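To start, the structure under review is shown below, and the notes come after it.
Just so you know, all these numbers are worked out from the coordinates, no wet-lab data involved. Since this is a predicted model, take the numbers as computed values, not measurements. Here the Cβ positions follow ideal geometry from the backbone for every residue, glycine too, while neighbour counts run over all protein chains shown.
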Amino acid sequence: MPLLFAPGGAFLFDWSHEDVEIGGQPLRVKAAHVRLCASRAVYVRVYPRETQEMVFDAHQRAFALLNRPRQSQSGRRGQGSAARFEEG
């Protein structure tokens, strides 16, 4: 049974650790991932540390670009989470 979502109806939030090279130096960064369930549109932002502020900032920036949330529940990678968006 396929999952169907109304446009702007739900999103997933997750984060991961990524190994990158910046200025020739290896560095482990934290990437916040937001995905709209209906369109599968993705927003990813990278941070130097995993903090509560990172989670808040990633949500705020994603919603500014994609839309505004009605409610939000953050989850840890692999557990998933969902929230709803206000239309308009």
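Stretching residue 57 away from residue 33 to a fully extended chain increases their span by 7.5 nm, per 0.36 nm per residue minus the current alpha-carbon distance.
Each principal axis of the Cα cloud of the stretch 11-69 was evaluated for its coordinate range; sorted largest first, these ranges are 38, 22, 16 Å.
Couplings 3J(HN,Hα) for the stretch 43-57, derived from phi with the Karplus relation 6.51 cos²θ - 1.76 cosθ + 1.60 (θ = phi - 60°), are 10, 10, 9, 9, 10, x, 9, 9, 9, 4, 4, 4, 4, 4, 5 Hz, where x marks Gly and Pro.
Computed FRET efficiency, Cβ-Cβ of residue 65 and residue 19, R0 35 Å: what is it to the nearest 0.05? Don't jump to the answer; show the numbers that get you there.
Values: r = 26 Å, r/R0 = 0.74.
Result of the calculation: an efficiency of 0.85.
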